[in-house]
Amino acid sequence: MSPMVRRALTLGLFGGIAGIHVSLVGIVNTFQTRDLIADIVTIGSVIPMLIAIMVGWLAGRAPRHAAELAAPTALGAGAVAGAVTGTILALLAILVDSVSLTWILVNARPQLATILQFEQGPVVGSVLLIAGGAALGAAGAVLHILPGAIARSIAMAGIITIIVALMEPFIGAVLRNVELRAIEGFLYDSGGLTLPGFILVFALIGAGVYGWATRGDRARARVEAMPPDRRRAAKIAVYLATIGILLILPQIVGQRLSEVIGTVGIYVLLGLGLNIVVGFAGLLDLGYVAFFAVGAYTTAILTSPASPVFTPELPFWGALPFVILAAALIGLAVGAPVLRLRGDYLAIVTLGFGEIAREIFKSAWAQPVTGGAQGILSIPEPIPFSRDPQSIYYPILFFCILAAIAATTLASSRVGRAWNAMREDESVAEATGVNTIKYKLLAFGLGAAFGCLGGAFFGAKIGVVFPDSFNILVSINALALIILGGMGNIAGVVLGAFVLVGLPELLREFAEYRLLIYGVVLVVMMLLRPEGLLPSRSRRAELHEVKDEDDDDMYADEVGEETGRPVVTA
Amino acid sequence: MPGRRIRLNFVNLFLWLLGGGLLAFAAYGSFLTLIEGRIQPNQWQNLIVAGVALGSVYALIALGYTLVYGILFMINFAHGEVFMWGAFTAFFAATALNDAGMMASNPVLAFFLVLATSMLVSMVVAIMLERIAYRPLRGAPRLVPLITAIGASLFLQYTARGFYGSGVRAYPDYTIFDGTISLGFLSLSVKQAVVILAAVGLMVGLYLFINRTRTGRAMRAVSEDKDVAAMMGINVDRIIVTTFAIGGLLAGAAGILYTLIFNQVLFFMGFLPGIKAFTAAVLGGIGNVIGAALGGLILGVVEQLGPNLFLSGYGVPSPNQLKDVIAFSVLVLVLIFRPSGLLGRKENT
């Protein structure tokens, strides 16, 4: 068997496994309710197709260190891989249809088989799956044959069109809100794109990407060529425009979406804070939720008339200085015990702290102060702003901007450089006179301040605090978003928060698979692009340097130098 | 190190005060509880037995952490999920055998069948984890594999949730394990005895495997020095896979033993036992096999005994709610006072 065929078969097998996974996890069933193109194709049945295209694309790619494949070879490899994936899915459909497995696999319902077989019955459906798999696999491989710019525009247009279809609840609501019902009616129908809408969106985005791919360099060059003062002016204009859009955003997007944006804003605060601890100082804190919880509970205890202790109730803004104070204290309390720990030990201990915080807030022992499992109700509104999502958006936005400015300033200051040095190599940093204790505590303190602020607004936004809102998933959320966006970079944090917090809130279907997707995002990002989508420049350089000089661990000095292959020295 | 002075700086002072304070708090609490005498001796005894049973499950999971850490110096954060998959497999295998009537007709064989399937599935999960998530990242900066491990952990958890549903599933009861045994002054339920015996058996088996077999020797060599081991003709990649496989087997066994005690499975069940088993591994001295077993036992007993012993004397209501707090405090204390663990090598700190 030639290596090419073997590679195609293996990729097809992996595609089949991926297909089985998304089918049995329930993603196919769930997205069956959503149309990509109204009444023609559902998103549920597009997912297996996408897998076949992916597999074909991978199979048609030239092996590492080899020349491009000849067109027929690439097409053939793609078709073989796609057909294997299709065959596996056909077998899955037949299996699900004939054997009752629902007592183990809750999603292995006959409905799944119907979707996979395109509602054509087992025989026609299986043939369709295999032939369609081959065709789509070949289509995936075609992307390698087309000129780069065209292939890229087709791929991007496809992906973005699917996203546009998925975002129907969001885009549709915005269009209705700004009274563009005609466009909404043209684009969308019964939860999916209309056929003309689909074609239009696909063509527009394809053209846009193509234009950028062919002419983008020229545009960039023109910006580069501007004299410095004009460039600065342009930069300021962009900032002002962004702020202007941000200011009127709630009015554009309407009530429900403002709610989502408020949540995103709180996670931006958390992300900026965690970014200081993890991204700048390199301390992997998995108990960030502790800060969030302390902020929310401090606010609740000081302001709510329903809180059992502390009767003179403060207004929300009066409590804020105490929240910052509490943040400093909790930052020290978490930071001090872990000062001497590095790397993964630090991660686990902070994780423990996060759990400890929740358990204590929840326990009957702390009930007189924290309300135990019932939590604390009726936190007042942050007057003059109300709890209305379109109103509380503004203070959140204000603090996000403040935090972003603070973080940017810190990053390029002496403190930021000290953190950088510490993250690179703690022993060397200490030897060159960086007071690591001071800077670690500072990182924890500032991280805690942002986290507590986020918590305070979280409390004010929903008006109640429950101990179970403060579980490990908050920490994971915050971590995932800074990793996706790009550790150490502020724009990355905002992007990450929008993608990982905003999108799942908008797409109800995703909500259930949110953490599954986070898991995939974390693993795939680490494997393929550890620096994140929008990396800071130094971070990108760091993660792509020669990988054998990492010895930043006190417990083992030979970490990372092992490849496991015999080493022959002369 | 000769002539090494103890550095008395602000941080150390703070840490010692914190640790000392916690220990004094626990000691005084125990004193109060004991003179109060509200809890009867046989209740204490039950708590200890339950703690030993739970601790032996922790010990089995902890061995997986320790073995992997001993060789790769990484914390396999997703190990708790390997355990959870074992528990789920045990659940389905047991339900199937129960429906087929085998649990009634041949309960001992049924038990071993369930044990074997769950160990096997956990092993496969652990091997795949190594192959897909960890091997490509060997040699990457420290945080990278750790974040991957967190991602893999989420993936495994929510795959289980998608496959098997999000509800708690009750485990079929092994009627053969009902009843109690009494050994003189000590009485324990048959289930607890089975758990303890199975765990001890597996641990002895592991000890013999590591110390008496060729592969075991190769594992020790790799953990000592990978490059030299590779030069001696040891296939390091294969040894690493073997290590993950053994960790998976033990976690699978822990899965079924845990369900024997608690009688239910849930997709989230791997999280807390995973963290606690890690605590146990650190407590015993990470990288040390006997240490992991010892740490597991100590942690299990402390977790069962601690809330009542340390806290009820202060009049804390429902102290058992705080048992996880006590377990995590143990972790923090160990890392403050003896980061190398009870049996860890001193130079590792």
Legend entry - Of all residues in the stretch A:363-394 being of a type in the set (S, T, N, Q) and either within 25 Å of the chain's Cα centre (by Cα) or away from every other protein chain (no Cβ under 13 Å) (or both), the one that is surrounded by the most Cβ atoms within 10 Å (Cβ to Cβ): A:Q390
Inset, instruction - Please give the number of the condition B:F73 fails out of (1) surrounded by 17 or more Cβ atoms within 10 Å (Cβ to Cβ); (2) over 30 Å from B:A133 (Cα atoms); (3) free of Cβ contacts under 8 Å to residues at least 60 places away in the same chain. - result: (2)
Inset, instruction - Check B:G21 against each of (1) farther than 30 Å from B:V168 by Cβ; (2) assigned to a helix (DSSP H, G or I); (3) within 13 Å of chain A (Cβ to nearest Cβ); (4) touching a residue at least 24 places away in the same chain (Cβ under 8 Å) and name the one condition it does not meet. - result: (4)
Inset, instruction - Could you tell me whether A:I360 is touching a strand residue (DSSP E or B) at 6+ places or on another chain (Cβ under 7 Å), more than 27 Å from B:P141 (Cα to Cα) and aliphatic (A, V, I, L, M)? - result: no
Inset, instruction - Could you pull out every one of the helices (runs of 4 or more DSSP H) wholly within the stretch B:241-349 that has 1 or more residues that are under 26 Å from B:Q45 (Cβ atoms) and over 15 Å from the mean Cα position of the chain (by Cα)? - result: B:289-306, B:323-337
Legend entry - One residue from A:A71, A:A52 being within 23 Å of A:L143 (Cβ to Cβ) and surrounded by fewer than 23 Cβ atoms within 10 Å (Cβ to Cβ): A:A71
Inset, instruction - Working only within the stretch A:401-415, note down all residues that are buried (at least 19 other Cβ atoms within 10 Å of the Cβ) and at pLDDT 85 or above. - result: A:A403, A:A407, A:V415
Legend entry - Criterion (within 25 Å of A:L284 (Cα to Cα), within 13 Å of the chain's Cα centre (by Cα) and either within 14 Å of another protein chain (Cβ to nearest Cβ) or of a type in the set (A, V, I, L, M) (or both)) met by exactly one of B:G80, B:G70, B:G64: B:G80
Inset, instruction - Name, by its number, the condition in (1) loosely packed, with under 14 Cβ neighbours inside 10 Å; (2) within 14 Å of chain B (Cβ to nearest Cβ) that does not hold for A:L112. - result: (1)
Legend entry - Cβ pairs under 7 Å, 6+ apart, first in the stretch B:85-98 and under 19 Å from B:A126 (Cβ atoms), second basic (K, R): B:F91/B:R169
Inset, instruction - Would you mind finding the one in B:Y164, B:Y171, B:Y158 that is more than 7 Å from chain A (Cβ to nearest Cβ) and in contact (Cβ under 8 Å) with a residue 24 or more places away in the chain? - result: B:Y171
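Quick check on B:L202: is it assigned to a helix (DSSP H, G or I), over 24 Å from B:N263 (Cα atoms) and in contact (Cβ under 8 Å) with a residue 60 or more places away in the chain?
No.
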Legend entry - Given (1) within 20 Å of B:F163 (Cα to Cα); (2) touching a strand residue (DSSP E or B) at 6+ places or on another chain (Cβ under 6 Å), number of the condition A:T42 does not satisfy: (1)
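Regarding A:G459, is this residue assigned to a helix (DSSP H, G or I) and in contact with a Leu (Cβ under 7 Å, 6 or more places away or on another chain)? First the steps, then the outcome.
Details: assigned to a helix (DSSP H, G or I): yes; in contact with a Leu (Cβ under 7 Å, 6 or more places away or on another chain): no.
Taking the combined requirement at face value, the residue does not satisfy it.
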Inset, instruction - Return yes or no: is A:S378 in a helix (DSSP H, G or I), over 28 Å from A:Y439 (Cα atoms) and in the same structural domain as A:A449 (by TED's automatic domain parsing)? - result: no
Inset, instruction - Would you be able to say whether some residue in the stretch B:26-35 is in contact with a Phe, Trp or Tyr (Cβ under 9 Å, 6 or more places away or on another chain) and within 14 Å of chain A (Cβ to nearest Cβ)? - result: yes
Legend entry - One residue from A:L397, A:L402, A:L325 being over 27 Å from the mean Cα position of the chain (by Cα), away from chain B (no Cβ under 13 Å) and part of a helix (DSSP H, G or I): A:L325
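Conditions (1) surrounded by fewer than 19 Cβ atoms within 10 Å (Cβ to Cβ); (2) in contact with a helix residue (DSSP H, G or I) (Cβ under 8 Å, 6 or more places away or on another chain), marked per residue:
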| site | (1), (2) |
| --- | --- |
| B:V222 | no, yes |
| B:D225 | yes, no |
| B:V228 | yes, yes |
| B:M232 | yes, yes |
| B:T243 | no, yes |
| B:G252 | no, yes |
| B:I256 | no, yes |
| B:N288 | no, yes |
Legend entry - Which listed residue, of B:K191, B:K226, is modelled with pLDDT under 85, touching an Asp or Glu at 6+ places or on another chain (Cβ under 7 Å) and not acidic (D, E): B:K226
Inset, instruction - Considering only the stretch A:348-362, state which residues are more than 7 Å from every other protein chain (Cβ to nearest Cβ) and among the aliphatic types (A, V, I, L, M). - result: A:A357
Inset, instruction - Determine whether A:L283 is in a loop (DSSP other than H, G, I, E, B), of a type outside the set (V, I, T) and surrounded by 24 or more Cβ atoms within 10 Å (Cβ to Cβ). - result: yes
Inset, instruction - Kindly check whether there is at least one residue in the stretch A:124-142 that is free of Cβ contacts under 8 Å to residues at least 12 places away in the same chain, in the same structural domain as A:R34 (by TED's automatic domain parsing) and in contact with a helix residue (DSSP H, G or I) (Cβ under 7 Å, 6 or more places away or on another chain). - result: no
Legend entry - Index of the failed condition, A:I154 passing every other in (1) out of contact with any Ser or Thr (no Cβ under 7 Å at 6 or more places or on another chain); (2) in contact (Cβ under 8 Å) with a residue 60 or more places away in the chain: (2)
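The values are calculated or read from the model by the stated rules, or taken from the named source; none is laboratory data. Computed from a predicted structure; not experimentally measured. Counting neighbours? That spans all protein chains shown, and the Cβs are built from the backbone with ideal geometry, glycine included.
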